[in-house]
Each structure stands twice: as structure tokens, then as C-alpha cells.
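Everything on this sheet refers to the single structure shown next.
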Amino acid sequence: SATSADTFGTKHAAKIYGVLYCAKGVAALLVPLGNLLMEATGTWATVLYICATMDLIAAFCAIAVLRPMLRKHHARNAELAAQQGAGGLAVQTGH
């Protein structure tokens, strides 16, 4: 939750956290699949290797997809803040 607020601001932090928390519930639905895979292979190692692979794919996607989106989001917010700051200055000076 702190990361989502730091990333996207506090305006919609509760909504974003709710979506992130729903992902935890969806992941819980995958537990029986892991159990079936363990029974089919006879070892938890296969399940753990698949989970590790999925984690690496998620990390790659975070770097390749989310990082550029986050940079664009912050640049846009900085631009809006600069425009509001310049507008506020013009109003204060009477221009």
C-alpha cells in the first residue's frame, strides 16, 4: 500500500490498494493448481520453479513496462504542477 501511494499519489491510494489486494485473492485460487502439479510430478520443486519463473517474468514486465509508464506519469504530474505554479504566479503578480 505504501508503494502504491508513493508511486501514484494519495488521491486514489485506497482504490489502487483494493485492486492490489484483489490480486492476492486471485492468487489464492491458484493454490489447488499447485497442489495438482505437485501430485502429478511427486515433488514441490516443480511448483517452486514455476513460481520462480513467473516471478522473474513479473519482474521483467515491471522493468520493461511499468517503469516507462511510471516515468511518464511523474513527468506529466511535474508538468502540471509547473503549469499550476506558473499560473498561480501570474495571478499573484497581476499579469
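The values are calculated or read from the model by the stated rules, or taken from the named source; none is laboratory data. Fair warning: this is a prediction, and the values are worked out from it, not measured in the lab. Here Cβ is always computed from backbone atoms with ideal geometry, including for glycine, and neighbour counts include all displayed protein chains. Each accessible area value is taken on the protein alone, full model and side chains, heavy atoms only, with ligands, DNA and RNA left out. Shrake-Rupley method; radii C 1.70, N 1.55, O 1.52, S 1.80 Å.
Tabulated data for the structure shown
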item: Hits in the range 17-69 - residues which are of a type in the set (A, V, I, L, M), outside any helix (DSSP H, G or I) and surrounded by 10 or more Cβ atoms within 10 Å (Cβ to Cβ); result: Leu30
item: Residue pairs meeting the criteria (Cβ under 7 Å; at least 6 apart or on separate chains; first more than 15 Å from Cys51 (Cβ to Cβ) and of a type outside the set (Gly, Ala, Ser), in the range 14-38; second assigned to a helix (DSSP H, G or I) and open to solvent by 100 Å² or more (accessible area, probe 1.4 Å)); result: Ile16/Phe8
